[in-house]
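In what follows, a structure is listed as structure tokens, so that the remarks can point back to it.
The values are calculated or read from the model by the stated rules, or taken from the named source; none is laboratory data. Quick caveat: nothing in here was measured; it's all calculated off a predicted structure. We place every Cβ from the backbone using ideal geometry, glycine too, and count neighbours over all the protein chains shown. With ligands, DNA and RNA removed, areas are computed over all heavy atoms of the protein, side chains included. Shrake-Rupley method; radii C 1.70, N 1.55, O 1.52, S 1.80 Å.
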Amino acid sequence: MSAEVTVDTTALQAPAKGRGSVLAGILRSPSGLIGLLLTGAVVTLGLLSVFNLLPFDPIAQRPEVRLQGPSGEHWFGTDQFGRDILSRTASGVANSLLISVVAVAFAAIIGTAGGLIAGFFRGWSDRSISGVTNVLFAFPPLLLALSLASAFDRTWFTIAVAIAIVYAPIFVRVARGPVLSLREADFVRSATVVGMRRFAIIWQHILPNIGAIVIVQITLSLSWAVLTEASLSFLGLGTPPPAASLGAMIFEARTLVNFAPWTMFAPGAVIILLVVGLNLLGDGLRDALDPRNRGTK
Amino acid sequence: MRTITRHPIARKLAEAALTLLGVAVLVFVMLRATRGDQISATLGIEAAALTPAQRAALEAYYGLDQPLVVQFFSWLGNVVTGNLGYSSRSRQSVLEMTADSLPITFELAVLSIIIGLLIGVPLGMLSASRANSLRDAFGQTVGLAGLSIPAFLLGSTMLALSASMLGYNPNARGFASFAEDPWLNLQQMLMPALVLGFGLAAPIMRTARSALLEVRSMDFVRTARSKGAGPVRVQLKHVLHNALVPIVTMTGLQFGYLLGGAVVVEQIFSIPGIGRQVLIGIQQKEYAVVQSTVLVIALSFVIINLLTDLLYRVIDPRVRAQ
């Protein structure tokens, strides 16, 4: 996470048109297509766990089949307690996505609202919101998440809140910049002149114009949130056991990897695929939402 | 005539000071959120046997009966005078612990930045040398890998593979500081620095690529070329020099990533740096250690950002003139 977020203001002029054109735009760019496929595959894996379609119980221990290599029954092998790694990985993906999606949703809503208010009203609200943002940016992201997670009782929700606090300032910066220039735009001024209420202006004129930037930021933040959640659980501060968590699986596999390398393969591969997918999807979205790429088919 | 308060550097300093005050408040609030446990954490099971009078006496002893504002300023006063508290386990002051651990993390960070620049800048130059070509795709893919492979996964795998396949694991021996045994120290630092440097290379590569592409298309580069300057001279003296500002800024900004990543990497490779100090503090419920150390890290981060800001005023005279 960088303290200075560069904002591509060219996306400002992108009018929010039908969703179909955005999707078509993503599918047109190779990175967007690959990103969508990778993210979709990993999300599907997580959904299998949500809908109880897993071949094995991700938590139940079966010592008689411990540390078995990949086979027809256990595609990705079993761990030191005889748990099926594929089922555990799928359940870990579901937990990781639950935390990351809730965290980024909070961060995006609170951060964007903060950025809109700071940029539109300026004055003391801008000074206080930007001050809080600066303070949060003064902490290395993972360290802040770590400190917050250690300050509360650990549940999936407090971890999500900790990650949300870490990433909300990015949304403040991302939203505030363009709002500063939008508030001076003619259509906003005329809305003021005709007596439109200020919150109505923000809602109807400003928000739709920063939507594209925020959506791209949401995609990228999701990839960071997945990494942060996995790092926390690797360090023993994430989802409490015995619930499956990708970071904790890799932590346990660390000592087994010499003679049971499959224990690390599935959780490691899934994290990388998900993060790569979200990054490429973010790139694809940026291209698709960029008006400079409009009409060049 | 500009007054001192309008001077950009003075303003930056004032802003940094305000931010630090906010950091102290936040750290204090986090400390209080867990501090309810401080008495239980120190006494363990015996805390349950405390009579209300005993608990009140302990609260008075720790100053917990004072209003929060008073507690904050007395804590801040202690911190400013260098009293960062004590570890109740090792009986060592947090200041001493930090004096040992901070230089180690700093060394790790510097080595990681060197590795990150050594991977990132050439990769960016390779990508920018022909945009949207095969070599650009190669550079971008390596960059994406750097962004997407988590440090803990890369570190764990690297350590396990080198230990089992090559029988090489310098980190299994006790940690040696650079002063004690420079050769062993550098070997112990190499893998963690590679892990962090690889992650750092990705944003450096992306920044270098776009900065180089932008500078390359500028008029003065064409002029230099038409005056007969060789390609190497044009690339290094004209293009790279002008692309340095964003690269330096990005590198400085990634210090936060390094300090956070240090927690993970120091844990994996058993490096007794400041990140490990935080983590051990959390595991042992030594909240005084955790909060003071977090404060020190945030302080160093703010100072590094300030220095980055001042540094690019030196590199780029245009920023100074503004």
**Request:** Identify, from the list B:LEU196, B:LEU200, B:LEU213, the residue that is open to solvent by 10 Å² or more (accessible area, probe 1.4 Å) and either free of Cβ contacts under 8 Å to residues at least 24 places away in the same chain or assigned to a helix (DSSP H, G or I) (or both).
**Result:** B:LEU213
**Message:** On the basis of being within 13 Å of chain A (Cβ to nearest Cβ) and buried (at least 17 other Cβ atoms within 10 Å of the Cβ), does B:THR207 make the cut?
**Reply:** yes
**Asked** From the list A:LEU285, A:LEU280, A:LEU289, which one is open to solvent by 10 Å² or more (accessible area, probe 1.4 Å), at the interface with chain B (Cβ under 9 Å from one of its Cβ atoms) and not hydroxyl-bearing (Ser, Thr, Tyr)?
**Response** A:LEU280
**Request:** Would you confirm whether any residue within the stretch B:9-21 is more than 14 Å from every other protein chain (Cβ to nearest Cβ), exposed (fewer than 15 other Cβ atoms within 10 Å of the Cβ) and either modelled with pLDDT of 75 or more or out of contact with any Gly (no Cβ under 7 Å at 6 or more places or on another chain) (or both)?
**Result:** yes
**Asked** Is it the case that A:PHE259 is open to solvent by 20 Å² or more (accessible area, probe 1.4 Å), part of a helix (DSSP H, G or I) and either out of contact with any Ser or Thr (no Cβ under 9 Å at 6 or more places or on another chain) or within 11 Å of chain B (Cβ to nearest Cβ) (or both)?
**Response** no
**Some residue of the stretch A:83-104 being on the phi < 0 side of the Ramachandran plot, of a type outside the set (Asp, Glu) and free of Cβ contacts under 8 Å to residues at least 24 places away in the same chain** = no
**Prompt:** Which helices (runs of 4 or more DSSP H) sit wholly inside the stretch B:44-150 and have at least 3 residues that are of a type in the set (Ser, Thr, Tyr)?
**Reply:** B:94-129
**Request:** Give just the number: which of (1) within 14 Å of chain A (Cβ to nearest Cβ); (2) more than 16 Å from B:SER112 (Cα to Cα); (3) assigned to a helix (DSSP H, G or I) does B:GLY167 not satisfy?
**Result:** (3)
**Item:** Tally, over the stretch A:184-204, of residues that are open to solvent by 100 Å² or more (accessible area, probe 1.4 Å) and either aliphatic (A, V, I, L, M) or outside any helix (DSSP H, G or I) (or both)
**Value:** 3
**Message:** For the stretch A:246-256, give me the residue count where each residue is of a type in the set (A, V, I, L, M) and surrounded by fewer than 20 Cβ atoms within 10 Å (Cβ to Cβ).
**Reply:** 1
**Fill in**
Residues of the stretch B:230-264 being at pLDDT below 80 and not in a helix (DSSP H, G or I), in sequence order, are B:GLY230
**Request:** Scan the stretch A:224-256 residue by residue and report those that are within 9 Å of chain B (Cβ to nearest Cβ) and of a type in the set (Gly, Ala, Ser).
**Result:** A:ALA230, A:SER231, A:GLY236, A:GLY247, A:ALA253
**Asked** Quick one: which of B:GLN267, B:GLN277 is in a helix (DSSP H, G or I), open to solvent by 10 Å² or more (accessible area, probe 1.4 Å) and within 8 Å of another protein chain (Cβ to nearest Cβ)?
**Response** B:GLN267
**Prompt:** Yes or no: A:THR78 hydroxyl-bearing (Ser, Thr, Tyr), in contact with a Phe, Trp or Tyr (Cβ under 9 Å, 6 or more places away or on another chain) and more than 14 Å from chain B (Cβ to nearest Cβ)?
**Reply:** yes
**Residue check for A:SER91: within 14 Å of chain B (Cβ to nearest Cβ) and assigned to a helix (DSSP H, G or I)** = no
**Asked** Taking the condition under 25 Å from B:VAL289 (Cα atoms), small (Gly, Ala, Ser) and crowded, with 17+ Cβ neighbours inside 10 Å, does A:ALA108 pass?
**Response** no
**Request:** Determine whether A:ALA60 is modelled with pLDDT under 90, over 21 Å from the mean Cα position of the chain (by Cα) and farther than 21 Å from A:SER233 by Cα.
**Result:** no
**All positions within the stretch A:177-209 that are in contact with a Leu (Cβ under 8 Å, 6 or more places away or on another chain), more than 22 Å from A:VAL102 (Cβ to Cβ) and hydrophobic (A, V, I, L, M, F, W, C)** = A:VAL179, A:LEU182, A:VAL188, A:ILE202, A:ILE206
**Meets criteria (within 14 Å of another protein chain (Cβ to nearest Cβ) and in contact (Cβ under 8 Å) with a residue 40 or more places away in the chain) for B:ALA151** = yes
**Fill in**
Log entry, pairs with first residue in the stretch B:282-310 being facing another protein chain (nearest Cβ under 9 Å), second being modelled with pLDDT under 85 and in a loop (DSSP other than H, G, I, E, B), beta carbons closer than 7 Å, six or more apart or on different chains, reads B:ASN305/A:ALA3
